[in-house]
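The values are calculated or read from the model by the stated rules, or taken from the named source; none is laboratory data. Predicted model, so just to flag it, every value in this text is computed and none were measured. Neighbour counts are summed over all protein chains in view; Cβ atoms, including those assigned to glycine, are modelled from backbone coordinates with ideal geometry.
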Protein chains: 2
Amino acid sequence: MSYQGQSISEVGESIALKETVRHLRPANRAEVGSGDDAAVIRHAEPRFVITTDTMVEGKDFRLDISSGADLGYKAVASNLADVAAMGATPTALVVAVVLPPATKLSWLEDFAKGLQLAIDELCPSAEVVGGDIATGDQIVIAVTATGDLEGREAVLRSGATPGDLVCVAGTLGKAAAGLDLMLSPDSSLAASYPELVGIQLRPQPPLELVIASDGITAMMDISDSLALDSSRLASASDVKLELDSKSLLGYQAVLEQAAQSLSSRGTERSPMDWVLFGGEDHSFLTTFRSTPPKGFKQIGIVSPGSGVYLDGEPLEPRGWDSLSN
Amino acid sequence: MSYQGQSISEVGESIALKETVRHLRPANRAEVGSGDDAAVIRHAEPRFVITTDTMVEGKDFRLDISSGADLGYKAVASNLADVAAMGATPTALVVAVVLPPATKLSWLEDFAKGLQLAIDELCPSAEVVGGDIATGDQIVIAVTATGDLEGREAVLRSGATPGDLVCVAGTLGKAAAGLDLMLSPDSSLAASYPELVGIQLRPQPPLELVIASDGITAMMDISDSLALDSSRLASASDVKLELDSKSLLGYQAVLEQAAQSLSSRGTERSPMDWVLFGGEDHSFLTTFRSTPPKGFKQIGIVSPGSGVYLDGEPLEPRGWDSLSN
């Protein structure tokens, strides 16, 4: 049967759920998948990691910028990054979504395809095992993800000690630059920077690099900004982070052309601001006791004290605040 | 420091989270509680049950009827009921909440108190281990709950076979009656029926009765209506459910006075319609191979075939549809 052009309120809950689940890979890890009161997941051991993250239309995203598939992708990526930031392998996701009643069923199907694509590209061992669809005035996407520590210790924000090396895995500032490009009055500009725009719409956290990586003493997902999230890690570990701007030049360099393009159209942006204060890359802030493996870039050191410093100057803990922005 | 009268956007994410977590009992089961990228929970065995449920302002609740504490209570109760309906002991909850920026911090604190009160009253072994607060146009509450099967088999909707007894644990129709009383133009009416109103605002699923209860062959949470949820169990088990209206008279009788009160004020309601088609009691529909233990009420039998019948007549699968209502 075809539901082309129909809205979710026209087809009802039962069909909307069925047409959504159709785009999700049947569960392998789940002993019981979606369709009962709850799913049943089996892990390698009797512990599990659990985290939840919410995205709200008009606040965290705009429908003229992100497609349904983009939003499904991003919701999965940000939650899997939180699981991996504990050193755990992502296993299951449950997805609660609130949609205006007039939302086309095709949009919901596109969203489901985005969920599955992110899993396939970022972490094929994970799966969507359940969810809930409701109606409301604006789109809200609330994803909860679980992970298996597979016998390892959880990697906390509080594990950094003086002498450790501060390292980053993944991109910095690209997501923020991509957003500024898409918000430019020159609507043709975004097309010239597909990588930056792509990171904003579909973040690429390097999950495999950080899960089970030897020697990490503390770790967190950089979702709100390098400056703000560093201040959180410093506080949790009761240490000072001393960052070195020279080590950030590489992140800055790849954003300079985009900043110039924006500047020539009247919008002034600093590549270093994107790197320090831009969120949504969903990269990883880590500390290592000794030289990190390939894929991690050292950007500073851990010292006794508190707060975050850049080249010896206090770095303002500025970034995304989910309630004040 | 006092934040009296301040809104969540005035105090910001960090303080809002801290003031919320303050009302939640410190985690015992969680090896890592809230405050890191994710929580770490330990179970008795390497399986866990997971479910999610969403409540939307104006759709699932109204702020002139439910307090913050009521909503916290109900969100917990409905999710714990889904976990218990699998035969699992609830262990952890993560709570994502979207609030208008002008929401008072005191409302959020009241909501947190309701979360904890429901846990204390319904299932003290569970705990809130994490969450997320965001801002939006209307309140959305998305809770995910996990449970421990403690070595038992999960109880599915699909386990009923002909010859089983159809039984209910918990109330039927009280939540729907309570809602109609609160929506009456006579605003003094609700106060005369504190029990019915109480079940609507703070459902009382008999969790302990159904978790690990011997001999249950199939089970589900009755959230949308006895008629609709029975049709789902019948379909999942590929059987017919034959219900007997005489066995429902007790549920009906306790609602008759409320129906008369409404009738005398011009609102006609049928107690049997509340019992059959009213949702939100979060009671349990179960099937047993033999006589159920105390606390379960037999309302019918399982036969070969399909669909749900009341006194031999097909029963319309009418109830709450989260997208069409």
Tell me, which residue of the stretch B:129-144 that is over 21 Å from B:VAL49 (Cβ atoms) and β-branched (Val, Ile, Thr) is farthest from the other protein chains (Cβ to nearest Cβ)?
B:ILE139
Residues of the stretch B:269-325 satisfying the condition of being over 19 Å from B:THR171 (Cα atoms), free of Cβ contacts under 8 Å to residues at least 24 places away in the same chain and not hydroxyl-bearing (Ser, Thr, Tyr):
B:GLU313, B:PRO314, B:LEU323
Could you pull out the residue among B:SER213, B:SER231, B:SER223 that is among the small types (Gly, Ala, Ser), at negative phi and out of contact with any Pro (no Cβ under 8 Å at 6 or more places or on another chain)?
B:SER223
Checking B:ARG47 against (1) modelled with pLDDT under 95; (2) under 27 Å from B:ARG152 (Cα atoms); (3) not β-branched (Val, Ile, Thr), the condition it does not meet
(1)
Restricting attention to the stretch A:139-165, and to residues there that are surrounded by 21 or more Cβ atoms within 10 Å (Cβ to Cβ) and more than 18 Å from A:VAL83 (Cβ to Cβ), which single residue is farthest from the chain's Cα centre (by Cα)?
A:ASP164
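Every residue, every condition in (1) surrounded by fewer than 24 Cβ atoms within 10 Å (Cβ to Cβ); (2) away from chain B (no Cβ under 11 Å), yes or no:
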{"position": "A:HIS23", "(1), (2)": "yes, yes"}
{"position": "A:GLY35", "(1), (2)": "yes, no"}
{"position": "A:VAL49", "(1), (2)": "no, no"}
{"position": "A:ASP70", "(1), (2)": "yes, yes"}
{"position": "A:LYS74", "(1), (2)": "no, yes"}
{"position": "A:ALA88", "(1), (2)": "no, no"}
Hey, could you check the stretch A:54-68 for residues that are surrounded by fewer than 24 Cβ atoms within 10 Å (Cβ to Cβ) and within 7 Å of another protein chain (Cβ to nearest Cβ) and say which is modelled with the lowest pLDDT?
A:LYS59
Would you tally the residues in the stretch B:195-216 being away from chain A (no Cβ under 14 Å) and over 18 Å from B:GLY279 (Cα atoms)?
6
Checking A:GLN138, A:GLN116 in turn, the sole residue that is of a type outside the set (A, V, I, L, M), over 21 Å from A:VAL11 (Cα atoms) and not in a strand (DSSP E or B) turns out to be A:GLN116
Kindly evaluate B:SER188 against the criterion of being in contact (Cβ under 8 Å) with a residue 40 or more places away in the chain and among the polar types (S, T, N, Q).
no
Which residue pairs have Cβ atoms closer than 7 Å, lie 6 or more positions apart in sequence or on different chains, and pair a first residue in the stretch A:55-75 that is of a type in the set (Asp, Glu) with a second residue that is surrounded by fewer than 19 Cβ atoms within 10 Å (Cβ to Cβ)?
A:GLU57/A:LEU63; A:GLU57/A:GLN138
Which condition does A:LEU93 not pass, out of (1) touching a Gly at 6+ places or on another chain (Cβ under 7 Å); (2) not in a helix (DSSP H, G or I), if it passes all the others?
(1)
The one condition B:ASP221 fails out of (1) touching a strand residue (DSSP E or B) at 6+ places or on another chain (Cβ under 6 Å); (2) within 14 Å of another protein chain (Cβ to nearest Cβ); (3) not hydrophobic (A, V, I, L, M, F, W, C) is (1)
Looking at this structure, is A:SER263 of a type in the set (S, T, N, Q) and either assigned by TED's automatic domain parsing to the domain that holds A:GLY72 or surrounded by fewer than 18 Cβ atoms within 10 Å (Cβ to Cβ) (or both)?
yes
Output for Cβ contacts, cut-off 8 Å, separation at least six or different chains, first residue closer than 13 Å to A:ALA102 by Cα in the stretch A:1-21, second part of a loop (DSSP other than H, G, I, E, B) and modelled with pLDDT of 90 or more, reads A:SER7/A:PRO101; A:SER7/A:ALA102; A:SER7/A:THR103; A:ILE8/A:PRO101; A:ILE8/A:THR103; A:SER9/A:PRO101; A:SER9/A:ALA102
From the list A:GLY114, A:GLY131, A:GLY136, which one is at pLDDT below 95, outside the structural domain of A:VAL239 (by TED's automatic domain parsing) and crowded, with 24+ Cβ neighbours inside 10 Å?
A:GLY131
At least 2 residues that are over 16 Å from the mean Cα position of the chain (by Cα) and polar (S, T, N, Q) in each: list the strands (runs of 3 or more DSSP E) lying fully within the stretch A:206-325 that qualify.
A:297-303
Filter the stretch A:96-109 down to the residues that are more than 10 Å from every other protein chain (Cβ to nearest Cβ) and outside any helix (DSSP H, G or I), then identify the one that is farthest from the chain's Cα centre (by Cα).
A:ALA102
Condition first: among the polar types (S, T, N, Q) and closer than 18 Å to A:ALA92 by Cβ. Now tell me which residues in the stretch A:55-78 satisfy that.
A:SER78
The stretch A:166-191, residues that are within 24 Å of A:SER237 (Cα to Cα) and either over 19 Å from the mean Cα position of the chain (by Cα) or in a strand (DSSP E or B) (or both)
A:VAL166, A:CYS167, A:VAL168, A:ALA169
Which listed residue is in contact with a helix residue (DSSP H, G or I) (Cβ under 9 Å, 6 or more places away or on another chain) and buried (at least 24 other Cβ atoms within 10 Å of the Cβ), from B:VAL98, B:VAL94, B:VAL83
B:VAL83
Would you please list the contacts, defined by Cβ atoms under 9 Å and residues six or more apart or on different chains, that run from a residue in the stretch B:145-160 that is facing chain A (nearest Cβ under 8 Å) to a residue that is of a type in the set (Val, Ile, Thr) and in a loop (DSSP other than H, G, I, E, B)?
B:GLY147/B:ILE211
Could you tell me which residue of the stretch B:37-47 is surrounded by the most Cβ atoms within 10 Å (Cβ to Cβ), considering only residues that are out of contact with any helix residue (DSSP H, G or I) (no Cβ under 6 Å at 6 or more places or on another chain) and closer than 23 Å to A:SER230 by Cα?
B:ALA39
Let me confirm something: among A:ALA126, A:ALA176, A:ALA112, which residue is away from chain B (no Cβ under 14 Å), in contact (Cβ under 8 Å) with a residue 40 or more places away in the chain and closer than 24 Å to A:VAL40 by Cα?
A:ALA112
